[in-house]
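These notes concern the structure reproduced below.
What follows draws every value from the coordinates through simple rules; no lab data is involved. Nothing here was measured: the structure is a model prediction, and the numbers come from that model. Cβ placement follows ideal geometry from the backbone for every residue including glycine, while neighbour counts extend to all protein chains displayed.
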Amino acid sequence: MSLTVKAVLFSPTGESVVGIEAQVCIFMLNGSAQVIGTGKTDAKGALLITTNWQAPSTYQPRLQLLVRRGTAFVELAENLQSFANEAADFGSLALPALVAGVVQPMVTIPQGAIPVVKPTLGTAIPTAATIPVTSIPVTSIPVTSIPVTSIPTTSTPPIPAPTTETSLQQVFEGTGTQVQRAQDALRTSNSNFRLGKVSLQLKVLPGTTAGSVVLPKPDDITKVGNQGLSQINFDLESVDKPQLPIPTATAQPLPLLTGYTEVHARRLLAGNQLQLEVLQQLVDREEDVGRVMLQRPPAGTPMKPRTLVTIAVGRKG
């Protein structure tokens, strides 16, 4: 999918920062991070990164924004202000003042080397200053000098795989069904209350396909945070269906049809919900053409709805 990431960056003193390099990472379910886009701030400090990223099924709904500070990229933010329509907005962010040692965990280090940062820890460093980083072989430091218990665990556990995705159409239809059931329950309980316009706001996780979402569990919301959720707003009009009495199929006397035109006879039978069979009968008189000459059953016979009535209409012989 095409994901657009936006942010506005400024210095600790509130000034716009120009040409700051940035990266956007997304975390996989195994806890690893993947860079999906890079960019630089413009003259006003605005950052816009667009990437045609194909979302695999093994990613977390968690984005991270990193910026270059000296010779390394450091984490700037993970909390989004908004995420909708394939656009993620981190909002306005202040770059932290650099302190020696802060960027140490973010330095890319060749395998088998440990970073050494100068100047010493706690020294204030101006914005955009360059921090020299060197490396020394691991073998030059005795293993016994680094107790395992002194290394805190800082890795973030992966978020469990989300539940089955559903389409937006299914969300709308399912919600409408629940609202109508609530309206029916109020009516059948003889309550004086009725539902009118129902406004709903749903928090969802983005799906991996267009038009799909995942309804998050409480644990997902705790791990992702509200900033990592998308929001759906919609209104529903509840229809209060009146309880109509079921008509009883009672017999009605068959009206007199003889002498009437076929059109008139049809109207009389339609009002009594009777079915009609029309036959032709040859006549000699001109005034009998098109009129009912015979009816079966005869007039006055009790007839239930949808019973068949036969008439013979005069036709010139």
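Just a few scattered comments:
- Peptides 13-26, 268-281 ordered by average Cβ neighbours within 10 Å, highest first: 13-26, 268-281
- Eligible aspartates and glutamates near Lys6 by straight Cα distance, threshold 17 Å, same-chain separation 8 or greater: Glu21, Asp42, Glu75, Glu78, Glu86, Asp89
- Each of Arg62, Arg266 has some number of other Cβ atoms within 10 Å of its Cβ, and from fewest to most they run Arg266, Arg62.
- Local electrostatic count at Glu78 - Lys and Arg +1, Asp and Glu -1, tallied over other residues with Cβ under 12 Å: +1
- Under the Debye formula (equal points on every Cα, no solvent term), log10 I(q)/I(0) of the stretch 252-316 at q = 0.29 Å⁻¹: -1.26
- Ordering Thr301, Thr164 from the fewest to the most neighbouring beta carbons within 10 Å gives Thr164, Thr301.
- Amide H to amide H, with H built 1.01 Å from N, Ala77 comes under 5 Å of Leu65, counting only residues 5 or more places away or on other chains.
- Karplus 3J(HN,Hα) series, Hz, for the stretch 66-80 with 6.51 cos²θ - 1.76 cosθ + 1.60 (x for Gly, Pro): 10, 10, 7, 10, x, 9, 9, 9, 10, 5, 10, 7, 10, 7, 8
- Fewest neighbouring Cβ atoms within 10 Å first, the residues Lys44, Lys197, Lys223 line up as Lys197, Lys44, Lys223.
- Taking 0.36 nm per residue of separation and subtracting the Cα-Cα distance, full extension of the segment from Ala43 to Glu287 would add 78.1 nm.
- Label-to-label distance, Glu173 versus Arg194, with points set 7 angstrom from Cα along the beta-carbon direction: 2.7 nm.
- Bins of 5 Å, starting at 0 and running to the largest distance - Cα pair percent for the stretch 166-237: 3, 14, 21, 18, 16, 12, 8, 6, 2, 0
- Distance between the pseudo-spin-label points of Val18 and Arg266 (7 Å out from Cα toward the beta carbon): 8.5 nm.
- Extension reserve of the Ile221-Thr310 stretch, reckoned as 0.36 nm per residue once the Cα distance is removed: 24.9 nm
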